[in-house]
1. Is it the case that some residue within the stretch 145-154 is crowded, with 17+ Cβ neighbours inside 10 Å and touching a Leu at 6+ places or on another chain (Cβ under 6 Å)?
2. Kindly check whether there is at least one residue in the stretch 104-125 that is part of a loop (DSSP other than H, G, I, E, B) and in contact with a Pro (Cβ under 7 Å, 6 or more places away or on another chain).
3. Mind listing whichever residues of the stretch 111-139 are more than 22 Å from the chain's Cα centre (by Cα) and aliphatic (A, V, I, L, M)?
4. For V140, indicate whether it is surrounded by 19 or more Cβ atoms within 10 Å (Cβ to Cβ), farther than 16 Å from I179 by Cα and at pLDDT 95 or above.
5. Assuming G99 fulfils every condition listed in (1) loosely packed, with under 15 Cβ neighbours inside 10 Å; (2) within 14 Å of the ligand (Cβ to nearest atom) apart from one, which condition is it?
6. Considering only residues of the stretch 142-171 that are of a type in the set (S, T, Y) and more than 16 Å from the ligand (Cβ to nearest atom), which is farthest from A66 (Cα to Cα)?
Amino acid sequence: MVILRVNPMVGLFERADGPKQVIQPMPILFFKSKIWRGGLAALILFLAGGLAAAQNCATTIESDDALRFKPEKIEIPLACKTFTVTLKHTGRLPKLAMGHNWVLAKLSDLDGVSRTGMLAGAEHNYVDPKDARVLAHTSVVGGAESASVMFDVAKLVPGERYGFVCTFAGHSPVMRGVIVLK
Ligand code: ZN
């Protein structure tokens, strides 16, 4: 006859006689099984992946041989510490003829930073280094080139309206977009 006694310390049933053998109730066997551990690991990865996707702190914006940004709207989560914008030129024209940059400023400052940028010229990537209204900017890229810029999201004040513009000579009236803080 098998005598079972309850070990109150671990809540397991043990055989009191014979070789040391532990008989575990089903729920404990389940929690110790590889299936459960594999499932738990997958669940954690899934949750972590969802969190990263919800706070995507980088984006790529395209431009080409026409005067446009694609997309013309960038969403920046305020939960991000930094945000990275990569500007990709998918066209073929060299940067001297069809260069583009990406310049971040308040919507109301876009015209001003475009003016000072044009005066600064190509050697300064069409951005006046002394213009404090410029919050972030990439260098100028030509066809098949790309450039990135990372900036602190804390620079952006909730409630303020921000936008971006290409300050390459003559592009600013049409090459611009808006920032949405969320
Ligand atoms: Zn441009």
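1. yes
2. No, because not a single residue in the stretch 104-125 is part of a loop (DSSP other than H, G, I, E, B) and in contact with a Pro (Cβ under 7 Å, 6 or more places away or on another chain).
3. The answer is V113, M118, L119, A120, A122, V127, A132.
4. Values: surrounded by 19 or more Cβ atoms within 10 Å (Cβ to Cβ): yes; farther than 16 Å from I179 by Cα: yes; at pLDDT 95 or above: yes.
It is true that V140 is surrounded by 19 or more Cβ atoms within 10 Å (Cβ to Cβ), farther than 16 Å from I179 by Cα and at pLDDT 95 or above.
5. Failed condition: (1).
6. It comes out as Y162.
For (1) in contact with a Lys or Arg (Cβ under 6 Å, 6 or more places away or on another chain); (2) in contact (Cβ under 8 Å) with a residue 12 or more places away in the chain; (3) among the aromatic types (F, W, Y), each residue gets a yes or a no:
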{"position": "L78", "(1), (2), (3)": "no, yes, no"}
{"position": "F83", "(1), (2), (3)": "no, yes, yes"}
{"position": "L87", "(1), (2), (3)": "no, yes, no"}
{"position": "K95", "(1), (2), (3)": "no, yes, no"}
{"position": "W102", "(1), (2), (3)": "no, yes, yes"}
{"position": "A105", "(1), (2), (3)": "yes, yes, no"}
{"position": "L135", "(1), (2), (3)": "yes, yes, no"}
{"position": "G143", "(1), (2), (3)": "yes, yes, no"}
{"position": "T167", "(1), (2), (3)": "no, yes, no"}
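The values are calculated or read from the model by the stated rules, or taken from the named source; none is laboratory data. On a predicted model such as this, the values are computed, not experimentally measured, just so you know. Backbone-built Cβ (ideal geometry, glycine too); neighbour counts: all protein chains shown.
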